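Here's the structure, in structure tokens; my notes come after.
The values are calculated or read from the model by the stated rules, or taken from the named source; none is laboratory data. Keep in mind that what you see is a predicted model, and the values were worked out from it rather than measured. With ideal geometry, Cβ positions are generated from the backbone for all residues, glycine too; neighbour counts draw on all protein chains shown. The area values use the complete protein model at the heavy-atom level, side chains included, leaving out ligands, DNA and RNA. Shrake-Rupley method; radii C 1.70, N 1.55, O 1.52, S 1.80 Å.
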Amino acid sequence: MSPRPAAFLTRIHRQSRAFAAVCYGYMRSKGLGVGEDLGEGQQWYREAAYWFHEEASAGGSISANNLGYLYAKGLGVQENAETAAHWFEEAIEFGSVAALYNLGVCYLNGWGVPQDDEKAIEYFERASELNDPSAASVLAYLYLEGRGVRRDPSKSFEYNMRAARAGSVEAASALGYALGVGLGAERNIAESISWFELAASEGDAYAQANLAMYFCHSSDLKLFNRGWTMLTHACDQGDVSAKYQMTQILIFGVPHREPDYPSALDLAMDLAELGHPGGYHLIGVMYEHGLGVPVDMIRAATWYERAARKGSANGQAALGRLYAIGSGVEQDNVLAYYWLRMSAPTEGSQAQREMGAIHARMTDRERQTAEKYVADNPGPRRGSFGLKPLEQDVFKTGRRKG
């Protein structure tokens, strides 16, 4: 039964007060338009928590989810992951889709609940079925990495498509990449560009950098100049995606730009200082092939390992290859197999062929050792996911089940 008009207006009033308190708490805490005062900021967050609690206790799904968020972040209340998870569970009972996603994140990261990939997937699937783009994006990542599920790039592509159609800019960007390299779907450059253009128009830096990269590879000088200008501007703004793409161009060259190794090394070092795994990998490439620096396989292996341990698939594949041939490192079939497998090679890729060749020449004992090493060392995870921000829809009311 719908709430009576008076009760409905009371809910609107409570939620409006809560969101006003959140906004002012944020402004005070950050010094936005007002003097910075962390203490007063927390006071306003406390008032928001009070009103969210009042509404959540009456069955308000949005307020219950928002209260969980405040406990997760320690805003106006003592930070408590277990209490946050409790309120997300309550919000789910009241019908919150956002809380399904948030509780999934809790299980994925082990925040306030035991870490459990499979349980996280259950919540993400429920949220995705209710058209939540964030949940579909996470599922796309999990299927691509084979985390909690059997690795399935085509399933990953399907979830990214679902998320993109539901409005996820990040998923649109991911589709651009997948179509560009043929990951989970047939390679289609025209469609790849189309998805990158969509995401780039919404301000996605990764999509903008990749779109510029396409233009820079064009034989059309006007398109090259457009792409080069886009990359240069983004690099000047400090965008790491653009710096990574620019570094590749400076190393390998494109139709209208010759390689420039000194500039490439400077940019790659900048990326490395920022902890970007792509920078580590590209420095390794330069040392392996003697591009502007002397060939030094030990240094190449060192840089590849840094990239590999930061989650770079390219770095992992390169390191596995060096272990396979014993270049820059001592030859080791087990580590070669391990790092190639960690790179999550796609069907028919060079890394998969190399991994198969290593597996074929290993002894039964080495294979057993390798599988145990893989199980004991799952490797770095390439994705991290946070909670959804506070919901703000004062005209939406939660409803108890039953």
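Asn109 passes all but one of (1) farther than 27 Å from Tyr143 by Cβ; (2) open to solvent by 20 Å² or more (accessible area, probe 1.4 Å); (3) in contact (Cβ under 8 Å) with a residue 40 or more places away in the chain; which number fails?
(1)
Let's see how each residue does on (1) closer than 27 Å to Pro389 by Cα; (2) open to solvent by 30 Å² or more (accessible area, probe 1.4 Å):
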{"position": "Leu130", "(1), (2)": "yes, yes"}
{"position": "Ser134", "(1), (2)": "yes, yes"}
{"position": "Glu145", "(1), (2)": "yes, yes"}
{"position": "Arg151", "(1), (2)": "no, yes"}
{"position": "Ser154", "(1), (2)": "no, yes"}
{"position": "Asn160", "(1), (2)": "yes, no"}
{"position": "Ser173", "(1), (2)": "yes, no"}
{"position": "Gly176", "(1), (2)": "yes, no"}
{"position": "Val181", "(1), (2)": "no, yes"}
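Are any of the residues in segment 264-274 exposed (fewer than 14 other Cβ atoms within 10 Å of the Cβ) and farther than 18 Å from Ala209 by Cα? Can you show your working first?
First pass over segment 264-274, keeping only residues exposed (fewer than 14 other Cβ atoms within 10 Å of the Cβ): 266, 273-274.
Okay, now just the ones that are also farther than 18 Å from Ala209 by Cα, so 266, 273.
Yes, the conditions are met somewhere in segment 264-274.
Table: residues versus (1) in contact with a strand residue (DSSP E or B) (Cβ under 6 Å, 6 or more places away or on another chain); (2) at pLDDT 95 or above; (3) closer than 30 Å to Pro378 by Cα.
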site	(1), (2), (3)
Pro153	no, no, yes
Asn160	no, yes, yes
Leu175	no, yes, yes
Ser192	no, yes, no
Trp195	no, yes, no
Gln237	no, no, no
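Report, by residue number, each residue of segment 43-64 that is open to solvent by less than 10 Å² (accessible area, probe 1.4 Å) and either farther than 19 Å from Phe94 by Cβ or assigned to a helix (DSSP H, G or I) (or both).
Result: Ala48, Ala49, Phe52, Glu55, Ala56, Ile62, Ser63, Ala64.
When the residues of segment 205-236 are filtered to those that are touching a residue at least 12 places away in the same chain (Cβ under 8 Å) and more than 21 Å from Leu267 (Cβ to Cβ), which remaining residue is least open to solvent (accessible area, probe 1.4 Å)?
Ser218
Please work out if Asp260 is surrounded by fewer than 21 Cβ atoms within 10 Å (Cβ to Cβ), touching a helix residue (DSSP H, G or I) at 6+ places or on another chain (Cβ under 9 Å) and within 30 Å of Asp220 (Cβ to Cβ).
yes
Pull up segment 278-301, narrow it to residues that are aliphatic (A, V, I, L, M) and free of Cβ contacts under 8 Å to residues at least 24 places away in the same chain, then point me to the one that is most open to solvent (accessible area, probe 1.4 Å).
The qualifying residue most open to solvent (accessible area, probe 1.4 Å) is Val295.
Among the residues of segment 302-347, which ones are of a type in the set (Gly, Ala, Ser), surrounded by fewer than 21 Cβ atoms within 10 Å (Cβ to Cβ) and over 24 Å from Lys372 (Cβ atoms)?
Within segment 302-347, just Ser327 meets the criteria.
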